[in-house]
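Participant: Before I ask anything, here is the structure I am working with.
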Amino acid sequence: MSFPWANEYKPSNPLMRYLDEKLPLPRFVYNAVGAGYPVPRNLNYFWNFGVLAGVALMVQIVTGVVLAMHFAAESTVAFSSVEHIMRDVNAGWFLRYAHANGASMFFIVVYIHIFRGLFYGSYKPPREMVWHLGLVIFLLMMATAFMGYVLPWGQMSFWGAKVITGLFGAIPLVGEPIQTWLLGGFAPDNAALNRFFSLHFLLPFVILGVIILHVWALHIPGSSNPTGVEVKSEQDTVPFHPYYTAKDGVGVAAFFLLFALLVFFGPNFLGEPDNYIPANPLATPANIVPEWYFWPFYAILRAFTVDFLFIPAKLLGVLAMFAAILLLFFLPWLDTSAVRSGHYRPLFRKFFWFGLIPTIAILGYCGGSHATDGIVLVSQFAAAYYFAHFLIILPIISRVETTKPLPTSITEAVLGTAPGATLQPAE
Amino acid sequence: MESMASLTEDSATAGEEQGGVRRRDFINVAAASFAGVGAVSVALPLINQMNPSADVLAEASTEIDLAAIQPGQTIKTIFRKQPLFVRHLTPAEIASAEKVSLGDLRDPQSLEDRTKAGKKQWLITMGVCTHLGCVPLGAGEGEVKGEFGGYFCPCHGSSYDTAARIRKGPAPRNLEVPPYEFTSDTAVKVG
């Protein structure tokens, strides 16, 4: 692992030397996120978002563990225990708003992280495993967020749980038994609430475990960079610490600014007012919508309105929604271009910025809106483009595109080819 | 590799009489199978605990008194923690349900299929849209009944007719008729 010129861990303190002999944990950290990990020198701010996602997860774990001390996972009192947190628990309102908006921050950061990967071709060899583990983390995050949203036992919690577990009911033959098995009843009730709470507590730690694998897999080839050109010499890298710990520090500060803005000035801006109404199995809210980070997928789910062959529309929608994510697992083989970075791929770049990104934005808008005929029609076109982008457009682009010449090295990309353009010590 | 080769050589000579199968192979397979059976027998209760518990199943039937329900009126009650619609159809509603030819239906069922013999004025269905599980409107006083006069789901616009059959919108099936029986002329037991 890592490059031959990586700094070696040489503790001068006798205590640290002793520890290094018995359990080399500090050495491990030093090599993973310290001065022992050489990183391309040209990373831009989009490379902050992996660390930011880690920060967001830690915020969720800390606030979540504390909230669990005050929350009662029992369907008759869950709603009031959340109100108890909001009104009676010292700083409870702050912890809950931080946890609820922290989830949104986590998704914002992870989506940018994923788009970074899509634009710069981070999913390409030799980093496919990093990409796949990242998608596993994304799926786990979605499951965790969904179950967390059910816990306050408001109207959206209840109906969200009903609609999402209802998706499994679309599976032929075994669908309904699976749905009953997932819920522990015929509709969301105490059994469902309890198991969702248990899993909502567990999964973040599973995510943490997969993050360790994700970073481990990343450190074998080392980080990618905006040119997509692999590291060739020591000149191309700088140690992670202090260079990128400092750069990430700037990102973390910006992250907490936006986070604080949400928590203190718009804590319910991203939420649904209906979730402040206690769950009522006999009255459906006028418009069941998931949290904003599920909107694009919800739009794809609702885009299927007619049966095709022998497959009912409902099952098609469910399959398409899951396919929208599973598709990304095949990306390393759908995009066969040898050039990684979108900077050097003029055609790819156009379809990325003017095709994929607006499509996902439109799907997001449609998923959050009431499903009128017009909205459904727009979602159908957008969903069609989404699949076409990955399954048709991307493979064709990879074959026909004339890419721009790549720099011969990262250093050349940074300093240019002018004579005398060599490394100078900082003054 | 060297040790592997010598091992197979040894075992080949040792196992010749038993057709190439060593005693140790048998022990390995037997031990792994035994552990496998053990793992499965422990996994079963771990999976089964997710199924509805006895108290949830105990609430699985509901009795309803029909005496007070006027023609044209629908009551909303609860069966298995889900809304249940009990509708007293008017003669006009029965006629409109019977007028439809089954070939035009997405989920072809006649009103007779969906009610008990001689009691076709009593339409008992789940109040759960077969699309994504919302509660359709049309049971309560003054609620929209949709363009086919039965129920209308506000979530994604599925319309049901006076036999609670799907006529328009994304829902794949008619509103489910739960298992039920008349215990007297004016009482039913659902479930």
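Participant: For the full complex of protein chains and a 1.4 angstrom probe, list B:VAL135, A:VAL66 by accessible area with the highest value first.
Facilitator: Accessible-area ranking of B:VAL135, A:VAL66, largest first: A:VAL66, B:VAL135.
Participant: Still on this model: In chain A, which whole DSSP H runs stretch at least 30 Å along their own axis (Cα) and average 1.0 or higher on the Kyte-Doolittle scale?
Facilitator: A:128-150, A:190-219
Participant: Restrict the search to segment A:185-294; then list the GluC sites (Glu not before Pro) that DSSP places in a loop and that have at most 15 other Cβ atoms within 10 Å of their Cβ.
Facilitator: Counting only loop positions with at most 15 other Cβ atoms within 10 Å, the GluC sites (Glu not before Pro) in segment A:185-294 are A:GLU230.
Participant: In percent, what relative contact order does chain A have, based on Cα pairs under 8 Å that are 6 or more apart in sequence?
Facilitator: Reported relative contact order: 22 percent.
Participant: Which whole number gives the average, over all residues in B:75-81, of C-beta atoms from other chains lying within 10 Å of the residue C-beta?
Facilitator: 3
Participant: Report the calculated FRET efficiency for B:GLN109 and A:SER198 (r = Cβ-Cβ distance, R0 = 30 Å), to the nearest 0.05. Provide the component values of the computation, followed by the final result.
Facilitator: Numbers: r = 41 Å, r/R0 = 1.36.
Working from the Cβ atoms, E equals 0.15.
Participant: Within the set of other residues whose C-beta is less than 11 Å from the C-beta of A:TYR45, count the net charge using Lys and Arg as +1 and Asp and Glu as -1.
Facilitator: Cβ neighbours under 11 Å give a net charge of +1.
Participant: So, one more: Accessible area of B:SER110, 1.4 Å probe, to the nearest 10 Å²?
Facilitator: Spelled out: B:SER110, probe radius 1.4 Å, area about 30 Å².
Participant: State, as an integer percentage, the relative contact order of segment A:1-87 based on alpha-carbon contacts under 8 Å between residues 6 or more apart.
Facilitator: The value is 22 percent.
Participant: Within a Cβ distance under 14 Å of A:PRO26, other residues only, what is the Lys/Arg minus Asp/Glu net charge?
Facilitator: On the way: positive: A:LYS10, A:ARG17, A:LYS22, A:ARG27; negative: A:GLU8, A:ASP20, A:GLU21.
Cβ neighbours under 14 Å give a net charge of +1.
Participant: A further question follows. Count charges around A:THR305 for me, please; just the other residues with Cβ under 13 Å from its Cβ, Lys/Arg as +1, Asp/Glu as -1.
Facilitator: Summing Lys/Arg as +1 and Asp/Glu as -1 gives +2.
Participant: Given the C-alpha centroids of segment B:26-96 and segment A:141-182, what is the distance between them in whole angstrom?
Facilitator: Result: 16 Å between the Cα centres.
Participant: Quick one: of A:LYS124/A:LYS247; B:LYS99/B:LYS145; A:LYS314/B:LYS81; A:LYS162/B:LYS119, which pairs are farther than 27 Å apart, Cα to Cα? If you can, show how the numbers build up before the last one.
Facilitator: Values: A:LYS124/A:LYS247 25 Å; B:LYS99/B:LYS145 18 Å; A:LYS314/B:LYS81 23 Å; A:LYS162/B:LYS119 32 Å.
Too far apart for the 27 Å limit: A:LYS162/B:LYS119.
Participant: If you don't mind, there's one more thing I want to ask. Roughly how crowded by other chains is peptide B:131-143, in terms of the mean Cβ count from those chains within 10 Å of each of its Cβ atoms? Present the calculation step by step, with values, prior to reporting the outcome.
Facilitator: Details: counts 8, 15, 14, 9, 8, 1, 2, 0, 1, 2, 0, 0, 0.
The per-residue average across the peptide is 5.
Participant: With solvent modelled as a 1.4 Å probe, how much accessible area in total do chains A and B shield from it at their shared surface, in Å² to the nearest 100?
Facilitator: So the total buried area for this chain pair works out to about 2400 Å².
Participant: Using the per-residue mean of other Cβ atoms lying within 10 Å as a proxy for protection, in what order, highest first, do the peptides B:154-161, A:367-374 fall? Walk me through the numbers on the way to the answer.
Facilitator: On the way: B:154-161: 22.6, A:367-374: 15.6.
Packing proxy ranking, top to bottom: B:154-161, A:367-374.
Participant: Longest segment of chain A with no chymotrypsin sites (Phe, Trp or Tyr not before Pro) in a DSSP loop having at most 14 other Cβ atoms within 10 Å?
Facilitator: After excluding every exposed loop site, the longest remaining stretch is A:6-268.
Participant: So, one more: Hey, how many Å between the Cα centroid of segment A:222-298 and the Cα centroid of segment A:44-115?
Facilitator: Between the Cα centre of segment A:222-298 and that of segment A:44-115, the gap is 12 Å.
Participant: Hey, got the average number of other protein chain Cβ atoms within 10 angstrom for residues in A:180-190? Present the calculation step by step, with values, prior to reporting the outcome.
Facilitator: On the way: counts 5, 5, 2, 5, 6, 11, 11, 9, 3, 6, 4.
So the per-residue partner count for this stretch is 6.
Participant: Related question: Per residue of segment B:142-154, what does 6.51 cos²θ - 1.76 cosθ + 1.60 with θ = phi - 60° give for ³J(HN,Hα)? Whole Hz please, x for Gly and Pro, Karplus curve as stated.
Facilitator: Those phi angles translate into x, 7, 5, 9, x, 6, 10, x, x, 10, 9, 8, x Hz.
Participant: Nearest 0.05, what FRET efficiency do A:ILE396 and B:MET50 give at R0 = 35 Å with Cβ-Cβ as r?
Facilitator: Efficiency computed from Cβ-Cβ geometry: 0.15.
The values are calculated or read from the model by the stated rules, or taken from the named source; none is laboratory data. Bear in mind that the values here come from a model prediction, so they are computed numbers and not experimental data. Positions of Cβ are generated from backbone atoms using ideal geometry, with glycine treated the same way; all protein chains shown enter the neighbour counts. Surface accessibility is based on the protein's heavy atoms, side chains included, excluding ligands, DNA and RNA. Shrake-Rupley method; radii C 1.70, N 1.55, O 1.52, S 1.80 Å.
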